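Participant: Quick one: structure below, then a few questions.
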């Protein structure tokens, strides 16, 4: 019997599903995959990720805020708003780059390749995870922990397409 990780009726991930040691397939390597693959890669026995096209993945720089930051923000709330404004500006600056200054898009490509080279040693896998189109032509993903998952021995990126799906894969 096939079990689903995503409950489409409720629109949420099934956190009760025990994936330990199981063979799991993820269809696609986009926004949902960049969230779920890093969280299940260390639990499953084998994970196959079927990718039609790779996505540009930019670093999220997600981290826990320090006690000093939290204290400062509590004392001076405007500094937290300023920090948030900086994050918003950083994310929104992509559109002007795409529209008016396309040469700036090489920054996104550099950030993707830098993170990829840090996480993946295999040149062929790096090639498969690097898009052939320019940043901004398709949805750009933001994540910190996606690439290291593909360096795991139990995770396999498949780019040859899917002819059919059977319960035994």
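Participant: Looking at 45, 21, can you tell me which residue is farther than 20 Å from residue 162 by Cα, touching a residue at least 60 places away in the same chain (Cβ under 8 Å) and more than 13 Å from the chain's Cα centre (by Cα)?
Facilitator: Just a single option satisfies the conditions, and that option is 45.
Participant: Hey, another quick one. I'd like to know if region 104-125 contains one or more residues that are touching a helix residue (DSSP H, G or I) at 6+ places or on another chain (Cβ under 8 Å), farther than 27 Å from residue 24 by Cβ and in contact (Cβ under 8 Å) with a residue 40 or more places away in the chain.
Facilitator: yes
Participant: Which condition breaks for residue 72 when tested against (1) closer than 21 Å to residue 148 by Cα; (2) surrounded by 15 or more Cβ atoms within 10 Å (Cβ to Cβ); (3) out of contact with any strand residue (DSSP E or B) (no Cβ under 6 Å at 6 or more places or on another chain)?
Facilitator: (1)
Participant: Could I ask something else about it? Condition first: surrounded by 14 or more Cβ atoms within 10 Å (Cβ to Cβ), under 14 Å from residue 105 (Cα atoms) and modelled with pLDDT of 90 or more. Now tell me which residues in region 125-135 satisfy that.
Facilitator: If we filter region 125-135 for residues that are surrounded by 14 or more Cβ atoms within 10 Å (Cβ to Cβ), which is where we start, we get 125-126, 128-131, 134-135.
Okay, now just the ones that are also under 14 Å from residue 105 (Cα atoms), so 131, 134-135.
Answer for region 125-135, where residues must be surrounded by 14 or more Cβ atoms within 10 Å (Cβ to Cβ), under 14 Å from residue 105 (Cα atoms) and modelled with pLDDT of 90 or more: just 131.
Participant: Of 10, 63, which residue is exposed (fewer than 12 other Cβ atoms within 10 Å of the Cβ), within 16 Å of the chain's Cα centre (by Cα) and at pLDDT below 90?
Facilitator: One residue alone meets the criteria, 63.
Participant: When you go through (1) crowded, with 16+ Cβ neighbours inside 10 Å; (2) at pLDDT below 85; (3) assigned to a loop (DSSP other than H, G, I, E, B) one by one for residue 98, which number turns out not to apply?
Facilitator: Here residue 98 meets the rest and fails (3).
Participant: Look through 70, 35, 80, 43 and report the one residue that is modelled with pLDDT of 85 or more and under 18 Å from residue 153 (Cα atoms).
Facilitator: Matching residue, one of 70, 35, 80, 43: 43.
Participant: Could you check how many residues of region 48-92 are farther than 30 Å from residue 165 by Cα and not in a loop (DSSP other than H, G, I, E, B)?
Facilitator: Qualifying residue count for the region: 26.
Participant: Taking region 145-162 as the search range and keeping residues that are modelled with pLDDT of 85 or more and assigned to a loop (DSSP other than H, G, I, E, B), which one is nearest to residue 61 (Cα to Cα)?
Facilitator: 145
Participant: Quick one: which of 58, 47 is within 24 Å of residue 126 (Cα to Cα) and in contact with a helix residue (DSSP H, G or I) (Cβ under 6 Å, 6 or more places away or on another chain)? Lay out the reasoning, then the answer.
Facilitator: On the way: 47 fails: in contact with a helix residue (DSSP H, G or I) (Cβ under 6 Å, 6 or more places away or on another chain).
One residue alone meets the criteria, 58.
Participant: Additional query: Scan region 136-157 for residues that are touching a strand residue (DSSP E or B) at 6+ places or on another chain (Cβ under 9 Å), exposed (fewer than 15 other Cβ atoms within 10 Å of the Cβ) and closer than 15 Å to residue 124 by Cβ and jot them down.
Facilitator: 156
The values are calculated or read from the model by the stated rules, or taken from the named source; none is laboratory data. Everything numeric in this text was worked out from a predicted model, so none of it was measured. Note that we place each Cβ from the backbone using ideal geometry, even for glycine, and neighbour counts take in every protein chain shown.
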